[in-house]
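Each remark here refers to the structure printed beneath this line.
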Amino acid sequence: MIGIYLDASKKIGTGHLQRCLQIYKSYLPKKVFFLTRSHFLKNLFSKKKLPYYFVTNEKRLNEFLTSKKIKVIIFDIVKFDLFLSKAFFKGKEIKKIFRVIIANTLNMKVKPDLVIFPAVTKFRSKSNKIFVGEKYAVLPKLPKKRKIKNINNIMISMGGSDPRKITLKTLEILKESNLLINLNIVIGSLSKIKDSEIKKILSGKKIKFSIFRKQKNLKKIMLNSDLLITNSGITKFEASLMRLPSIIIANDKETENNQVAFAQKKTSIYLGYFKTEKIKKLNKVIKTLKNNINKILIMQENCKNFLDHRGAFRIRQIIDKNFKRK
C-alpha cells in the first residue's frame, strides 16, 4: 500500500497536486491513498472520488497507517513543520515505513530513506539516496507546438495561486511598451486576482488581451501562444516539453539558482527575482525576440531533447528498487 502526502492552498499553489496526481496514476492498479491536512484538497479528493485520508492528529494517523498497511509514503510539500516531523520521522513504528521526499530544496532537517529533487540544477549528488535532475520532472504527455513564425501571442501564467500577484506586476510593465501583442492571461484557480484589476491596468492601451480561468485550457493556450512569461513553478517545464520558449520571473529567492540553471538549457530567458529592477527589462527582451525571430527559433529547437513525460515512471522505478533493498 502506498501513501502520498501533500498540501495545497492559495499560498502554496497547486503544482504539488498536479505532480502527485501523475505519480498516483503511475502506481495504478496498486492501492494508493492521498494524505493531507488541506481542506481544499479534502474537498477536491471527495469531488473526484479519489481515496484519501484527512489527517487530524498523530494517534489517528498511526491507526490509519497501520490498518491500511502503508509500506511507502511519498511526501510532496513545501516544508516539514513540527507536526509532520514528529508524526512521520519519530517513533519506532513510523520508521518501518519507507519515506520518500519529492524535494523543493535539499536543505531539510528530516532524514528520509530517499530524496528525489526534480529540478534543473548544477548540484550533483554523491549519495545513493538522493536523485537529482530534470529527468525526474513529473509531466504529462503533451502535444508539440509548431514552428513559431512571429511573436504575436504572449501567454502569462504564474501558477495556481500567484499570492504575490506577479501577474499584475508583469502587466504594469507591459502596458508601458508600444508592442503590438495579444496577451493570453491565465489566472489560477486559487488566485485572488480579479478581472477588474487586469482591465484597470490595460484599459486604454493598444494591447489586446484575453483572461482564462480554467486550467484545462492550458495546453490549448500554450499551442496558441508564441512566448510564455511565467514564474518559478512547473509551467516552464510543461512549456519546454511543448516547445514553447519562455521568460522566467522568480517568485522566491530560494530557487533562484534553479531558475538560472533552467535558463542555461537555452529554452528560457531568466529575468530575475520579481522584486528587483531587472524585471523592468521585460519589454526590451520581448522586443529583441520579436525583431529577431531566429533567437526564438533557436530556443524552440533547444526544447526538443530537453524533457519528456516519463518522470513519474522513473520515480516509481527508483522507489520500488530502493524499497526492496531496505
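If eta is 1.002 mPa s and T is 20 °C, what Stokes-Einstein diffusion coefficient results for segment 42-146, Kirkwood Rh from Cα pairs, in µm²/s? Roughly 134 µm²/s, to the nearest whole number.
Annotation for segment 235-284 versus segment 117-187: alpha-carbon center distance of 7 Å.
By accessible area, using a 1.4 Å probe on protein heavy atoms only, the chain has 50% of its surface on carbon and sulfur. Size of the chain from its Cα atoms: along the principal axes, largest to smallest, the extents are 64, 40, 35 Å. Qualifying trypsin sites (Lys or Arg not before Pro) in segment 98-137, where qualification requires a DSSP coil assignment and no more than 11 other C-beta atoms within 10 Å, comprise K109, K122, R124, K126. Evaluated at q = 0.19, 0.22 Å⁻¹, a Debye calculation over the C-alpha positions of segment 1-99 (equal weights, vacuum) places log10 I(q)/I(0) at -0.94, -1.29.
Over the chain, dividing the summed -39,500 (n - 2.57) contributions of all DSSP H runs of at least 4 residues by the number of residues returns a 222 nm mean residue ellipticity of -10000 deg cm²/dmol.
Residues Y52, Y5, ordered by accessible area of protein heavy atoms at a 1.4 angstrom probe radius and largest first, appear as Y52, Y5. Per-residue Karplus couplings for segment 243-248, computed as 6.51 cos²θ - 1.76 cosθ + 1.60 with θ equal to phi - 60°, are listed in order as 6, 10, x, 9, 10, 9 Hz, Gly and Pro entered as x. For N305, put the label point 7 Å out on the Cα→Cβ axis and report which residues of segment 253-272 keep their amide N under 20 Å from it. Residues 262-268 fall inside that zone. Sorted from greatest to least, the principal axis extents spanned by the alpha carbons of segment 198-251 come out as 35, 24, 19 Å. Based on the convex hull around the alpha carbon atoms, segment 222-287 presents an average projected area of 4.2 nm². For the Cα trace of segment 78-205, dividing Rg by the Kirkwood Rh returns an Rg/Rh value of 1.12. Computed from label points 7 Å out along Cα-Cβ, the spacing between S85 and R146 is 5.5 nm.
Would you please name the GluC sites (Glu not before Pro) within segment 47-151 that are DSSP coil residues with at most 16 other C-beta atoms within 10 Å of their C-beta?
E93
Close amide H pairs (under 5 Å, H built 1.01 Å from N) link F33 with I2, G3, I4, residues at least 5 positions away or on another chain.
Taking a virtual spin label 7 Å from the Cα of F64 along the C-beta vector, which residues in segment 76-103 bring their backbone nitrogen under 16 Å of it? Residues 76-77, 83-89, 94 fall inside that zone.
Surface exposure of segment 1-131, expressed per residue as accessible area with a 1.4 Å probe, stands at 55 Å². Expressed as a fraction of 2.2 N^0.38 Å, the C-alpha radius of gyration for segment 96-154 is 1.65. With the largest listed first and rounded to whole Å, the semi-axes of the equivalent ellipsoid of segment 217-326 from the Cα gyration tensor are 29, 18, 12. Per-residue surface analysis assigns D113 an accessible area of about 30 Å², computed on protein heavy atoms at 1.4 Å probe radius.
Measuring between alpha carbons in the structure, the pairs from K42/K86; K59/K135; K90/K219; K145/K287; K111/K219; K30/K165 lying more than 32 angstrom apart are K59/K135; K90/K219; K111/K219; K30/K165. Given a Förster radius of 41 Å and the C-beta distance between T288 and S189 as r, what FRET efficiency does 1/(1 + (r/R0)^6) yield to the nearest 0.05? After rounding, the FRET efficiency stands at 0.75.
The values are calculated or read from the model by the stated rules, or taken from the named source; none is laboratory data. Values in this document were obtained by computation on a predicted structure and should not be read as measured data. With ideal geometry, Cβ positions are generated from the backbone for all residues, glycine too; neighbour counts draw on all protein chains shown. Keep in mind that these areas ignore ligands, DNA and RNA; they rest on the heavy atoms of the full protein, side chains included. Shrake-Rupley method; radii C 1.70, N 1.55, O 1.52, S 1.80 Å.
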